[in-house]
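The structure under discussion appears below in the form of structure tokens.
The values are calculated or read from the model by the stated rules, or taken from the named source; none is laboratory data. Bear in mind the structure is a predicted one, so any value in this text is a computation, not a measurement. Glycine also receives a Cβ, built like all others from the backbone with ideal geometry; neighbour counts cover every protein chain displayed. These accessible areas exclude ligands, DNA and RNA; they are computed on the full protein's heavy atoms, side chains included. Shrake-Rupley method; radii C 1.70, N 1.55, O 1.52, S 1.80 Å.
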Amino acid sequence: MTEIIERQVERVVADLFNLAPTEVGPHSSPEQIEAWDSMQHLNLVLALEQQFSVQFGPEQIERMKSVREIVQVVNELRGI
């Protein structure tokens, strides 16, 4: 299940930042993706909330600094 969620997160990140899906992986973060600034981080959070039908809290949003960390937070919210 985690692999499916990881692929979905990667797809959301790729779509939001206009990247090819092959350019996004577990270690993708603001350091590797130039367009991933604080404003785009909020857009990413909103897109992920829509994709997974979840609501992130402030602490969770702060932790979401890479695709891998986003997957962990989504899994926690979904009880996986």
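Here Arg78 meets each of (1) of a type outside the set (A, V, I, L, M); (2) modelled with pLDDT of 95 or more; (3) within 19 Å of Glu3 (Cβ to Cβ) with one exception, condition (2).
Remark: pairs (first residue in segment 48-69, closer than 22 Å to Glu23 by Cα; second residue surrounded by 15 or more Cβ atoms within 10 Å (Cβ to Cβ) and among the polar types (S, T, N, Q); Cβ separation under 7 Å; 6+ apart in sequence or on different chains) = Gln51/Gln8; Lys65/Ser29; Ser66/Ser28; Ser66/Ser29; Val67/Ser28.
Restricting the search to segment 50-72, which residues are open to solvent by 30 Å² or more (accessible area, probe 1.4 Å) and either within 13 Å of Val12 (Cβ to Cβ) or not basic (Lys, Arg) (or both)? Please lay out each step first, then the result.
So the first thing to find is which residues in segment 50-72 are open to solvent by 30 Å² or more (accessible area, probe 1.4 Å), and the list is 50-51, 53, 55, 58-63, 65, 68-69, 72.
Gln50, Gln51, Ser53, Gln55, Pro58, Glu59, Gln60, Ile61, Glu62, Glu69, Gln72, listed by residue number.
Across segment 1-48, the qualifying residues are those that are among the hydroxyl-bearing types (Ser, Thr, Tyr) and farther than 16 Å from Arg63 by Cα, and the one among them that is least open to solvent (accessible area, probe 1.4 Å) is Thr2. Please specify each residue of segment 13-64 satisfying the condition of being touching a His at 6+ places or on another chain (Cβ under 9 Å), within 17 Å of Leu77 (Cβ to Cβ) and not in a helix (DSSP H, G or I). If the condition is that a residue be touching a His at 6+ places or on another chain (Cβ under 9 Å), within 17 Å of Leu77 (Cβ to Cβ) and not in a helix (DSSP H, G or I), then Met64 is the only one that fits.
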